[in-house]
Amino acid sequence: MPEYKAPLKDIEFVMNDVLAFEQHYANLPGGEEASPDLVSAILNEAAKFSEEVLAPLNQIGDQQGCTRHEDGSVTTPSGFKEAYQQYVEGGWPSLPNAVEFGGQGLPESLSSVISEMVGSANWSWGMYPGLSHGCMNTLTSHGTQQQKETYLPKLISGEWTGTMCLTEPHAGTDLGLLRTKAEHNPDGSYNITGTKIFISSGEHDMAENIIHIVLARLPGAPEGTKGISLFIVPKFNVDQQGNLLEANAVSCGSLEHKMGIHGNSTCVMNFDGATGFLIGAENRGLNCMFTFMNSARLGTAIQGIAAAESSYQGALAYAKDRLQMRSLSGATNPQGKADPIIVHPDVRRMLLTQKAFAEGNRAMLYFGAQQNDIAHRSQDSQERQAASDLLSFLTPIMKAFMTETGYESANHGVQVFGGHGFIAEWGMEQIVRDTRISMLYEGTTGIQALDLLGRKVLMSQGTLLKNFTKIIHQFIQSQAHNDLMQEFIAPLTLLNKEWGELTMEVGMKAMKDQDEVGAASVDYLMYSGYVSLAYFWAKMAQVAQIKLAENPDNGDFYQAKIDTARFYYARILPRTLSHAAMISAGNASLAAIDESHFSF
């Protein structure tokens with residue numbers, strides 16, 4: 001099993017040197033408490049907890065899985081419950097939440113960094129508190145004052161956890177098809193009846209109560225998504241002070257048998273006239289639920305980084321230790337019978353691909369986390385809107401691109417190990433299985449791509465895209481006279497221009513045939529991801545050049561940054577050529593084949 005080591009040096013490089021988090025927190029209302037010393041202490045403690053408590057449970061969770069009992073209760077793998085109690089006692093769930101409800105009030109971006117370490121160490125375990133985060137955001141944004149006072153203190157303390165219950169067996173992503181019913185009760189509550197599937201952390205033994213956020217349809221509601229409402233449905237009913245009452249009529253009907261994330265209880269949840277409480281306005285549930293879904297999408301993006309990082313760490317250690325064949329350019333280990341496989345170009349290609357995705361996506365995600373801070377906390381309405389628009393544009397890219405490249409990185413990890421990578425005891429194939437879900441839940445790559453190209457770019461008439469390409473353009477201008485940066489600036493300039501041209505091309509075609517959007521969308525998203533990552537790698541290379549000049553005697557870390565940026569531009573960024581060609585190819589070849597010709 002790979003021995004996870006939190007990449008604190010790289011995390012601090014991105015936060016402190018590339019993205020100036022110290023200044024960001026100093027200018028953020030409520031962020032002034034996040035002093036450099038406090039942030040450093042928090043990160044070190046999170047690293048210790050992730051490395052020493054969570055990582056050793058990762059393979060145990062995969063091997064044991066969860067157990068459902070006859071009464072519908074679920075037991076998590078050995079050590080999971082005890083680790084969660086340590087997590088709660090450490091105050092980790094309360095970190096980014098409102099002080100008035102028992103939170104510490106620290107910036108949410110700091111919580112995202114901790115989530116990366118937790119997820120890299122043990123993704124299945126990290127999903128239990130991770131789902132609570134979105135539940136709390138939804139209640140904070142849309143709940144009544146009484147609902148906040150009843151539910152938030154125990155959720156923030158970690159005594160309770162939360163879920164979101166969206167889809168149903170017949171619906172999938174098309175939530176307009178859902179059938180779960182909500183009927184009025186005289187006391188103002190509702191009876192919720194229906195079945196939900198794929199409910200992560202839906203039932204477990206780690207917390208005393210579970211607060212389900214459930215989509216359901218009221219009598220006489222409009223068809224489709226316009227007739228969906230949102231409800232709070234606790235596992236145990238509670239009084240207004242948050243004291244537990246009788247069990248609610250909600251139960252785990254079964255556990256899903258999954259490819260991966262065995263340590264997390266993915267449940268079929270049955271609501272049999274369960275007591276629920278409306279969140280927000282009637283028939284506006286999907287609008288409220290987007291608060292939860294967007295939190296979950298950002299959380300899922302972290303899984304892509306976690307997969308790349310953990311697989312890279314395992315593959316790198318193995319590649320340095322495993323002796324096999326001689327280097328084609330001459331023996332590097334003449335005293336041994338063979339050379340370590342890290343000397344072979346193809347192994348280096350895979351390791352550098354993992355490294356480029358882990359570190360590049362980390363910079364992009366932390367930038368997104370900064371925008372999330374500003375969108376929620378800035379006192380300047382224009383600044384809030386600008387950050388919200390940037391985050392809205394980047395969210396589908398981060399969710400889909402990071403998980404696709406994280407999965408690619410996980411597969412490279414298996415390949416570096418060769419046949420041993422296929423053997424469970426090494427732990428590399430578990431990363432592949434655990435990560436495969438990331439391109440599916442919270443909206444598949446195809447759904448994210450339609451959201452990006454259709455809703456975010458074309459429906460804004462390119463405004464949201466221009467907001468980001470302008471940032472890239474300003475960076476390009478700032479480096480116009482820096483000779484050391486031209487190897488990055490020249491290709492980035494061309495791609496930033498081409499991005500707009502491809503968007504215009506698709507938009508013009510879509511005016512005649514809207515299926516052109518669907519035909520281009522996934523390639524457009526991946527193209528967008530590669531160009532976005534090129535910007536962040538150029539930015540990191542520029543900072544690394546400055547740091548290397550300041551301290552040439554201790555520059556291995558910074559030189560590695562520059563070298564990895566060069567690798568990214570030389571060996572990964574050219575993928576944009578094929579994506580651009582496929583975008584331009586349009587819908588013709590997809591539409592030409594009649595449905596009857598799809599046969600076997």
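Just so you know, all these numbers are worked out from the coordinates, no wet-lab data involved. Keep in mind that this is a model prediction, so the values were computed, not measured. All Cβ positions, even for glycine, are placed from backbone atoms using ideal geometry, and neighbour counts span all protein chains on display.
In the condition set (1) over 20 Å from Leu465 (Cβ atoms); (2) in contact (Cβ under 8 Å) with a residue 12 or more places away in the chain, Val517 is compliant with all but (1).
Return a yes/no flag: does the stretch 250-257 have any residue that is crowded, with 24+ Cβ neighbours inside 10 Å and out of contact with any strand residue (DSSP E or B) (no Cβ under 9 Å at 6 or more places or on another chain). No, every residue in the stretch 250-257 fails to be crowded, with 24+ Cβ neighbours inside 10 Å and out of contact with any strand residue (DSSP E or B) (no Cβ under 9 Å at 6 or more places or on another chain). The set of residues in the stretch 278-315 that are part of a loop (DSSP other than H, G, I, E, B) and either of a type outside the set (Asp, Glu) or in contact with a helix residue (DSSP H, G or I) (Cβ under 8 Å, 6 or more places away or on another chain) (or both) comprises Gly280, Ala281, Asn283, Arg284.
Conditions tested, residue by residue: (1) surrounded by 18 or more Cβ atoms within 10 Å (Cβ to Cβ); (2) of a type in the set (Asp, Glu); (3) assigned to a loop (DSSP other than H, G, I, E, B).
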position: Val39; (1), (2), (3): yes, no, no
position: Ile42; (1), (2), (3): yes, no, no
position: Ala46; (1), (2), (3): yes, no, no
position: Glu51; (1), (2), (3): no, yes, no
position: Leu54; (1), (2), (3): yes, no, no
position: Leu57; (1), (2), (3): yes, no, no
position: Asp62; (1), (2), (3): yes, yes, no
position: Glu70; (1), (2), (3): no, yes, yes
position: Pro77; (1), (2), (3): yes, no, yes
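Search the stretch 277-329 for residues being among the aromatic types (Phe, Trp, Tyr) and in contact with a strand residue (DSSP E or B) (Cβ under 9 Å, 6 or more places away or on another chain), and hand back the single one that is surrounded by the most Cβ atoms within 10 Å (Cβ to Cβ). Looking at residues that are among the aromatic types (Phe, Trp, Tyr) and in contact with a strand residue (DSSP E or B) (Cβ under 9 Å, 6 or more places away or on another chain), I get Phe292. In the stretch 71-91, the residues that are among the aromatic types (Phe, Trp, Tyr) form Cβ pairs under 6 Å with partners that are in a helix (DSSP H, G or I), at six or more places apart or across chains, as follows: Phe80/Trp125.
Residues that are touching a helix residue (DSSP H, G or I) at 6+ places or on another chain (Cβ under 7 Å) and hydrophobic (A, V, I, L, M, F, W, C) number at least 3 in the following helices (runs of 4 or more DSSP H) confined to the stretch 508-600: 515-550, 556-567, 575-585. If you go through the stretch 561-579 and keep only what is surrounded by fewer than 19 Cβ atoms within 10 Å (Cβ to Cβ) and either small (Gly, Ala, Ser) or in contact with a Gly (Cβ under 9 Å, 6 or more places away or on another chain) (or both), you end up with Ala570, Ser578. Annotation note: of Ala510, Ala490, the sole residue that is in contact with an Asp or Glu (Cβ under 9 Å, 6 or more places away or on another chain), more than 14 Å from Phe393 (Cβ to Cβ) and hydrophobic (A, V, I, L, M, F, W, C) is Ala510. The condition (being within 27 Å of Glu22 (Cβ to Cβ) and touching a helix residue (DSSP H, G or I) at 6+ places or on another chain (Cβ under 8 Å)) is satisfied by just one residue among Ser50, Ser78: Ser50. Out of the residues in the stretch 419-448 that are within 14 Å of Ala301 (Cα to Cα) and out of contact with any helix residue (DSSP H, G or I) (no Cβ under 6 Å at 6 or more places or on another chain), which is surrounded by the fewest Cβ atoms within 10 Å (Cβ to Cβ)? Checked the stretch 419-448; the qualifying residue surrounded by the fewest Cβ atoms within 10 Å (Cβ to Cβ) is Leu440. Checking Lys456, Lys497, Lys470 one by one, the residue that is on the phi < 0 side of the Ramachandran plot, of a type in the set (Lys, Arg) and surrounded by 20 or more Cβ atoms within 10 Å (Cβ to Cβ) is Lys456 and no other. When the stretch 316-341 is limited to residues that are in contact with a Pro (Cβ under 7 Å, 6 or more places away or on another chain) and part of a loop (DSSP other than H, G, I, E, B), the one that is farthest from Ala356 (Cα to Cα) turns out to be Asn333.
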